[in-house]
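Take a look at the structure below.
The values are calculated or read from the model by the stated rules, or taken from the named source; none is laboratory data. These numbers were taken from a predicted model, which means no experiment stands behind them. Here the Cβ positions follow ideal geometry from the backbone for every residue, glycine too, while neighbour counts run over all protein chains shown.
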Amino acid sequence: MTEEKIKLKSLAEKLKDRIKISLDKDIDDKKQNILDSEEKLIQEASNKISKKDIEEEKKSIISKEETLIPLEDYIKCAVHLGTKVITPHMRKYVYKRRADGLAVINTILIDRQLRESIDFLNKYNSSVIYLCCKREAGWEAARKFHEITGIKIFTKKYSPGITTNLKLEDFFESELTIICDPWIDKNALNDTIKLKKPIISLCDTNNYIQGITKIIPCNNKSSKSIGCILFILAREYNKKYKKPFDAKLEDFTGPLE
């Protein structure tokens, strides 16, 4: 092969790589636009939960199981509200759609999955766990979770490789990762998968669950819902390790009335 052909081949490969990067960015941008639109809709729906909505939802739940918190509190926090998109992985947790197209997650299944995740979480010392929540709606609840449990958190930024690359200055070792959204927190998800370590994840109806060990099906778009889930996890974790816990649900969710 002549030198000129080698140069042309090299240029073609570089161009191909640039096109791929550009296409990937376009796809990511489109996904983010859809997420932003859905997030706004869910936040609005979460803030409009009325007493009538609570009573109607409670009537639709036929179960004598004792739940981790009153059913009314789950509904007030809009934990059961999904998105308009339902992935094959999350379909089994959905039992209906609302008039506005939002999926509704079975609250009893949320509670059952939470119990499984709590049992799993309680096997680990706080020093080897970290929580990643890049979605701004969950930042305050994540900070409260850290304050109460001592578990390390990442909110605004998670640097890829900090659990896999020994050469990085901020490298640390962990045994369990908690994420609030497999898409938004994909860097933490991918790092943990590389390490073959377990992952607990809050998963909405539009999420894919590859690589996740324990799923908590819930609305992971609103501050109230994320706060509710983290409140329960923190309370049960501290109970297991006999640590003080005097926080209220609203300390994690903000006002519910």
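Using the structure shown, decide if K134 is crowded, with 16+ Cβ neighbours inside 10 Å and within 13 Å of the chain's Cα centre (by Cα).
Yes: the conditions hold for K134.
Look at K92 and say whether it is more than 16 Å from I200 (Cα to Cα), surrounded by fewer than 17 Cβ atoms within 10 Å (Cβ to Cβ) and within 15 Å of the chain's Cα centre (by Cα).
Spelling it out, it is not the case that K92 is more than 16 Å from I200 (Cα to Cα), surrounded by fewer than 17 Cβ atoms within 10 Å (Cβ to Cβ) and within 15 Å of the chain's Cα centre (by Cα).
To keep it simple, each residue is scored yes or no on (1) of a type in the set (G, A, S); (2) out of contact with any Pro (no Cβ under 8 Å at 6 or more places or on another chain); (3) at pLDDT 95 or above.
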position: R115; (1), (2), (3): no, yes, yes
position: L121; (1), (2), (3): no, yes, yes
position: K134; (1), (2), (3): no, yes, yes
position: A142; (1), (2), (3): yes, yes, yes
position: K157; (1), (2), (3): no, yes, no
position: D185; (1), (2), (3): no, yes, yes
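Scan (1) within 24 Å of T192 (Cβ to Cβ); (2) touching a Lys or Arg at 6+ places or on another chain (Cβ under 9 Å); (3) not hydrophobic (A, V, I, L, M, F, W, C) for the single condition K84 breaks and write down its number.
Against the list (1) within 24 Å of T192 (Cβ to Cβ); (2) touching a Lys or Arg at 6+ places or on another chain (Cβ under 9 Å); (3) not hydrophobic (A, V, I, L, M, F, W, C), K84 comes up short only on (1).
Residues are listed down the side, and each one gets a yes or a no for (1) without any contact (Cβ under 8 Å) to a residue 40 or more places away in the chain; (2) among the charged types (D, E, K, R); (3) not in a helix (DSSP H, G or I):
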site	(1), (2), (3)
V79	no, no, yes
T83	no, no, yes
I86	no, no, yes
D111	no, yes, no
K134	no, yes, yes
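Within region 170-179, does at least one residue satisfy the condition of being under 15 Å from A137 (Cα atoms), surrounded by 14 or more Cβ atoms within 10 Å (Cβ to Cβ) and touching a Cys at 6+ places or on another chain (Cβ under 8 Å)?
Looking for residues that are under 15 Å from A137 (Cα atoms), surrounded by 14 or more Cβ atoms within 10 Å (Cβ to Cβ) and touching a Cys at 6+ places or on another chain (Cβ under 8 Å), one finds at least one in region 170-179, hence yes.
Hey, among the residues in region 115-127 that are part of a helix (DSSP H, G or I) and over 21 Å from I215 (Cβ atoms), which one's farthest from the chain's Cα centre (by Cα)?
S127
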